[in-house]
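The values are calculated or read from the model by the stated rules, or taken from the named source; none is laboratory data. Only a predicted model underlies this, so the values are computations on that prediction, with no experimental measurement involved. Every residue, glycine as well, gets a Cβ built from its backbone with ideal geometry; the counts of neighbours run over all protein chains shown.
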Amino acid sequence: MYLTKQQRAHYDDHGFVVIDAGLTPMDLQPVRRDYDAFIDAEARRLYAAGALTELFADEPFERRLARICEVDLSIYEQIDLMYCRLPGVFDFLRNRQLLDLVEGIVGPEIICSPIQHARAKLPESTLARARLSTSEDQTRLRSMVGENVAPWHQDAQVHLEVADPHAIVTVWIPLVDATPDNGCLQLIPDVHHKRTVYWSEGFGVSDRHLPAEEVVTLPMRAGDVLLMDKLIPHRSTPNHTDGIHWSLDLRYQRTGTPTGRDYYPVFVARSRDQPDSELTEYEVWRDRWEQAVSKIPPPDRPRRSDGRIQPCSVEIQS
Ligand SMILES: O=C(O)CCC(=O)C(=O)O
């Protein structure tokens, strides 16, 4: 499925577009299957080591990791894409249907940016249910429950300045239905026309710098796909249900443009001109990530050098 003219026009006019049922359950299945298997294998390892006294094997995908986190935090800490590096996820980054949608914005020469995450937003109720043995773990759990409640920000804030002039599309995909109750995204449309990055003290955009346009809340079904310009401010909200809000956020851009995180592996996801340049081998992707993360662990990665707290303009090349 390619973008229709109307969908492309919506993206250009408003800085985002949601493609209803842009992906099928079969498209998402390799990701869910591999995370399921990863969590199961890790749970069995912890069980054998005595860290878990039950496997929570009857819990569905939406709940199992949260139940495990009531007792042990180590699986949760490995969940993000750059640590987990699962074959089904690599396949998904190159999913034909997904790239057809991306091509409608980026064109036919597409790289997959290393700014990509799998997020398992834990329910707030995990805190009350937790039976962790130390107060340090209880504090860690509190920050885990909070870490995927993203403050208002633009994705331009998470790459280095070198990528400022280049268009980057964020592709946000819920793996379970995303609702206001479990913490779906909110965004401020149309703001990309201002060509402005709204800085704050630290990460995010503080209320006094936030553009005044009306906020849109975006409930989405699993399989819907959000395409969003990197200058659109967005945030996500806390999870008040008892299931995990699982999602992926990926970024794609035109081949040859800097990702602003070039110390992590970028790869050619699609090339109509030079199909041989596409990365098709899972092991290569996995090994590149492994090496990159061992040199620069994600918490130590270089950040933008902005002490800036005022909005600043960026010129994006079209
Ligand atoms: O998925 C979320 O809760 C936040 C995602 C986000 O802020 C992003 O993709 O930049």
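Key figures
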read-out: Unmet criterion (only one of (1) surrounded by 15 or more Cβ atoms within 10 Å (Cβ to Cβ); (2) at pLDDT 95 or above) for residue 48; value: (1)
read-out: Residue match in the stretch 282-305 (condition: touching a Phe, Trp or Tyr at 6+ places or on another chain (Cβ under 7 Å) and within 14 Å of the ligand (Cβ to nearest atom)); value: no
read-out: Residue list for the stretch 163-192, restricted to those being under 14 Å from residue 230 (Cα atoms) and touching a Pro at 6+ places or on another chain (Cβ under 7 Å); value: 163, 166, 187, 188, 191
read-out: Top-ranked residue of the stretch 251-293 - restricted to ones that are under 24 Å from residue 100 (Cβ atoms) and of a type in the set (Val, Ile, Thr), ranked as surrounded by the most Cβ atoms within 10 Å (Cβ to Cβ); value: 259
read-out: Any hit, the stretch 147-163, residues being without any contact (Cβ under 8 Å) to a residue 12 or more places away in the chain and within 16 Å of the ligand (Cβ to nearest atom); value: yes
read-out: Given (1) outside any loop (DSSP other than H, G, I, E, B); (2) farther than 16 Å from residue 118 by Cα; (3) not aromatic (Phe, Trp, Tyr), index of the condition residue 225 fails; value: (2)
read-out: So residue 244, is it in contact with a helix residue (DSSP H, G or I) (Cβ under 9 Å, 6 or more places away or on another chain), crowded, with 19+ Cβ neighbours inside 10 Å and aliphatic (A, V, I, L, M); value: yes
read-out: Among residues of the stretch 238-279, those that are part of a loop (DSSP other than H, G, I, E, B), under 24 Å from residue 25 (Cβ atoms) and more than 16 Å from the ligand (Cβ to nearest atom), counted; value: 1
